[in-house]
Amino acid sequence: MVADARQQDTGRFARISTALVAGIVCGFLSVVLSIGNGSLLFSGSLQTYLPTAVGLSLFSMAAVAAITALTSSIPGAVGVVQEVPVIALGVAVTAVAGALPADIAGAGRYATIMAAIGIGTGAAGVLTLVLGVLRVGAIIRFVPYPVVGGFLAGTGWLILLGGAGLVLGSPFSLTAIATVLEPVPAERFLAAGVFVAVIAFAQRRTRNPLAVPAIIFGAIVVFNLLVLATGTTGATLRASGWVINLPEGGRLWPSLTAADLGLVDWHAVTAGLVSLPTLVAVTAITMLMNASGIELESDRDVDLDRELKSVGLANIAAGLGGGLPGYYALSLTLLAERLGAQSRLVGLTTAAVAIAALALGGVVLDAIPTFVLGGMLIWMGGALMFEWLFAVYGRIGLLEYAVIFLIFAVIVGFGFAAGFLAGLIAALMLFAFEYGRIDIVRHEVFGKDSPSNFETSQERAELLTRYGAAILIMRLQGFLFFGTADRLRRRVQDRLAAGAEAPQYLLLDFRRVTGIDSSAILSFIRLEQAARRIGATVLLAALSPAVESALARGGLRTDPASAIRIEPDFERALRWSEDSLLKRIAPDLPGEPARPLALLLSDVVGEPELAALIAGYCEPVEAGPGDRIIDQGDPSDDIFFVEHGLVAVEARTAGNQAIRLATVGHGGTVGEIAFYTGSPRTASVTAEGDVKAWRLSRDSLARLDAEAPAAALKFHRGIAAMLARRLARADRLIRSIAD
């Protein structure tokens, strides 16, 4: 007992120790990443606020790491300030700075920009939280792959530029290339280039999760050893751009005090945060992409809605402190998992490391060289660009790659906001194009291969088999908009224009159609005009109320003179088509008032004399509307021949829901399958009006076998042939659908 307790204590200590070590490692990396990512916030003249961005990054990292550790569904989640939403927030910050009046500078300008940062991050957090509450996390599954790729490639370019600007010490552009060749910037770029090359080489040569952390730590150690060896002072390093310059007496955090709020130009803040939807969208999408990556790497499902709520809460907290947006990092979360630390203690330890770095302030900035911070950004940006502009080529279609390149080019040429708009337009166009290629005709069969479930005489069935090609059935699926509806119209018109072989009745089954837009209605109006010119009839069956209402509002004619007919369900539409066809090819058949038993049995045995003999073994059955002739589940002891009237064949499901299987009229037979298999009745048969039928019981058939074996043999063969014909029709239907 004591040994077991000691073993449990040892295991608990090992887990806590592993989590603490993983947290310290991830915390160190998070500090470097967050400072580097935070530096992307300010560009151009705003780079003077870079030290403040460092403080905001460290505070935000602490808030995001702690809250995601406590609320995420992913054990060991490590939250950091993320470069993609920071880029989007930077666009808003630049817009705020541009909206400021020229006479506002100094403290007023600083207060306005810092207020915009906090409000932007907090508002993004609130909206992300709302998305989680509304349970729309699965939206990531619907964002087109090329659109996400274009965003990430363009973001990679902006990150790369930000990293190069951090190494250079000023915004990087084509006009600044000459500055790179100057001695000191050239040395920093050389150091950054070596750093990036070593990381890239290590990533290609090893999958060890500690390789990149070791290189980062090694670069910082080597830099500081060289500083000690050469006796270079911190002031010299800051002046020469080797480390971020923190002005004397400057503070990293908080960026604003209560007194500063009175200096804020709220009009400029409102004008600049028009781009807030971009920030929310890229935060949610990239966070959900990270979650999907964790699902793939760890082979477990992630609750995407819970992650949205977790990230929303984290960014609300960061925004309240004037911080930057963030969420858990895919690489660091997987690093913690590979170190065997699937514990919330990892994220809490990471947050503690961030607080310590924030407290140390200038000591941290003097210890981490800009070539490491900038090199990390150059590496991450370059990796994104390589992945989505080069590695992906050949794995996707040319059109999809063109979408990626288009979004990337717009971001490079016109900025992130324009790229976001281009991405939305590209997503809509790509969806319309790809969806328009989907065949909305689920199945296409002729009436001869898929007759209705209205079973009557054998003569009727044979006529429909012979002439059923005059009925064409198309079962539709999906959403009908202009592109798909126009393709359907042209396809139908081609069928109707086939000359002598053209169908006279076209049945469109809308049962699986989810909706229709107003532009698609024009295609059905044109289809009605084409069908009316050639004398064909188009039947629309199983329309939902919304679709039927949309067609009526759009002006589709359904009056008696129209070639369009609407039926409430598929079976009634098919039955109407069959009856109309039979009126044209056999005018006397549909009006036949009844089918005497002798004729019914003649259809089965083929000889009137034997039919008359067998009729003597049958007994009459009369039923009124609603009377039950066969009950589902009862023993199958008889066969019924319907001489006059209609009966409904219905089966009840486990939920007691009635499903109509067939309608049987005069000349039809019911109950024969269960009778011959000996199984209980699988469906009920109910009279739909006054019905006269004839019953052949099992006992009567046994007497027929004994007293007139030749007639009985003919009867059994006739029933077998009838079932075989039904099976053949079903087989033709299956083959036509399969083809």
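Residues are listed down the side, and each one gets a yes or a no for (1) surrounded by 24 or more Cβ atoms within 10 Å (Cβ to Cβ); (2) under 30 Å from Val302 (Cα atoms); (3) touching a strand residue (DSSP E or B) at 6+ places or on another chain (Cβ under 7 Å):
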{"residue": "Val64", "(1), (2), (3)": "yes, yes, yes"}
{"residue": "Leu70", "(1), (2), (3)": "no, yes, no"}
{"residue": "Glu83", "(1), (2), (3)": "yes, yes, no"}
{"residue": "Leu89", "(1), (2), (3)": "yes, yes, no"}
{"residue": "Ala97", "(1), (2), (3)": "no, no, no"}
{"residue": "Ile104", "(1), (2), (3)": "no, no, no"}
*Filter the range 545-564 for residues that are surrounded by 19 or more Cβ atoms within 10 Å (Cβ to Cβ) and either among the basic types (Lys, Arg) or outside the structural domain of Leu507 (by TED's automatic domain parsing) (or both) and give the result.*
none
_Among the listed residues Phe481, Phe510, identify the single one that is crowded, with 18+ Cβ neighbours inside 10 Å, modelled with pLDDT of 90 or more and farther than 17 Å from Ala536 by Cβ._
Phe510
*Looking only at the range 647-676, and only at residues there that are farther than 16 Å from Leu601 by Cα and more than 47 Å from the chain's Cα centre (by Cα), the one that is surrounded by the most Cβ atoms within 10 Å (Cβ to Cβ)*: Phe675
*Within the range 520-566, can you find the residues that are small (Gly, Ala, Ser) and outside any helix (DSSP H, G or I)?*
Gly535, Ala536, Ala541, Ala542, Ser544, Gly554, Gly555, Ala561, Ser562, Ala563
*Between residues in the range 462-481 that are closer than 14 Å to Phe446 by Cβ and residues that are buried (at least 19 other Cβ atoms within 10 Å of the Cβ) and aromatic (Phe, Trp, Tyr), which pairs lie under 8 Å by C-beta distance while being six or more apart or on different chains?*
Ala470/Tyr505; Ile471/Tyr505; Leu472/Tyr505
_Subset of the range 453-470 that is of a type in the set (A, V, I, L, M, F, W, C), in a helix (DSSP H, G or I) and in contact with a Ser or Thr (Cβ under 9 Å, 6 or more places away or on another chain) - its residue that is modelled with the highest pLDDT_ = Ala470
_Selected residue [in contact with a helix residue (DSSP H, G or I) (Cβ under 6 Å, 6 or more places away or on another chain), closer than 24 Å to Met429 by Cα and of a type outside the set (A, V, I, L, M)] from Gly419, Gly413_ = Gly419
_All but one of (1) on the phi < 0 side of the Ramachandran plot; (2) buried (at least 21 other Cβ atoms within 10 Å of the Cβ) hold for Ala542; state the number of the condition that does not hold._
(1)
*Whichever residue in the range 162-178 is within 22 Å of Leu41 (Cβ to Cβ) and surrounded by fewer than 20 Cβ atoms within 10 Å (Cβ to Cβ) and, among such residues, is modelled with the highest pLDDT*: Ser170
*asked:* Just to be sure I understand the filter: pairs with C-beta atoms under 7 Å, separated by 6 or more residues or on different chains, first member in the range 282-310 and at pLDDT below 75, second member not in a helix (DSSP H, G or I). Which pairs pass?
replied: Ile294/Ile74; Ile294/Val302; Glu295/Asp301; Glu295/Val302
*Yes or no: Asp366 assigned to a helix (DSSP H, G or I), over 14 Å from Asn290 (Cβ atoms) and under 33 Å from the mean Cα position of the chain (by Cα)?*
no
*asked:* I'm checking my understanding of the structure. Among residues of the range 687-720 that are within 56 Å of the chain's Cα centre (by Cα) and crowded, with 20+ Cβ neighbours inside 10 Å, which one is farthest from Asp634 (Cα to Cα)?
replied: Gly718
*Mind telling me which of the residues Leu406, Leu332 ends up being surrounded by 21 or more Cβ atoms within 10 Å (Cβ to Cβ), assigned to a helix (DSSP H, G or I) and hydrophobic (A, V, I, L, M, F, W, C)?*
Leu332
*Quick one: Phe390 ticks every box in (1) over 23 Å from Val54 (Cβ atoms); (2) part of a helix (DSSP H, G or I); (3) touching a helix residue (DSSP H, G or I) at 6+ places or on another chain (Cβ under 8 Å) except a single one, so which number is it?*
(3)
*Give the residues of the range 354-363 that are surrounded by fewer than 23 Cβ atoms within 10 Å (Cβ to Cβ) and part of a helix (DSSP H, G or I), sorted by residue number.*
Ile355, Ala356, Leu358, Ala359, Leu360, Gly362, Val363
*All positions within the range 606-631 that are touching a residue at least 24 places away in the same chain (Cβ under 8 Å) and among the charged types (D, E, K, R)*: Glu607, Glu619, Glu622, Asp627, Arg628, Asp631
_Take the residues in the range 124-139 that are buried (at least 18 other Cβ atoms within 10 Å of the Cβ) and of a type in the set (A, V, I, L, M, F, W, C); name whichever of them is nearest to Met61 (Cα to Cα)._
Ala124
_Can you go through Leu358, Leu398, Leu348 and tell me which one is without any contact (Cβ under 8 Å) to a residue 60 or more places away in the chain and of a type in the set (A, V, I, L, M, F, W, C)?_
Leu398
*Could you figure out which of (1) closer than 28 Å to Ala721 by Cβ; (2) free of Cβ contacts under 8 Å to residues at least 12 places away in the same chain; (3) under 39 Å from the mean Cα position of the chain (by Cα) isn't true of Ser602?*
(3)
*(1) assigned by TED's automatic domain parsing to the domain that holds Glu578; (2) outside any strand (DSSP E or B); (3) more than 30 Å from Val647 (Cβ to Cβ); (4) modelled with pLDDT under 85: which one isn't true of Ser450, the others all being true?*
(3)
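The values are calculated or read from the model by the stated rules, or taken from the named source; none is laboratory data. In this text the structure is predicted, and so the values were computed from the model without any measurement. Cβ sites come from the backbone with ideal geometry, for glycine too, and all protein chains shown count toward neighbours.
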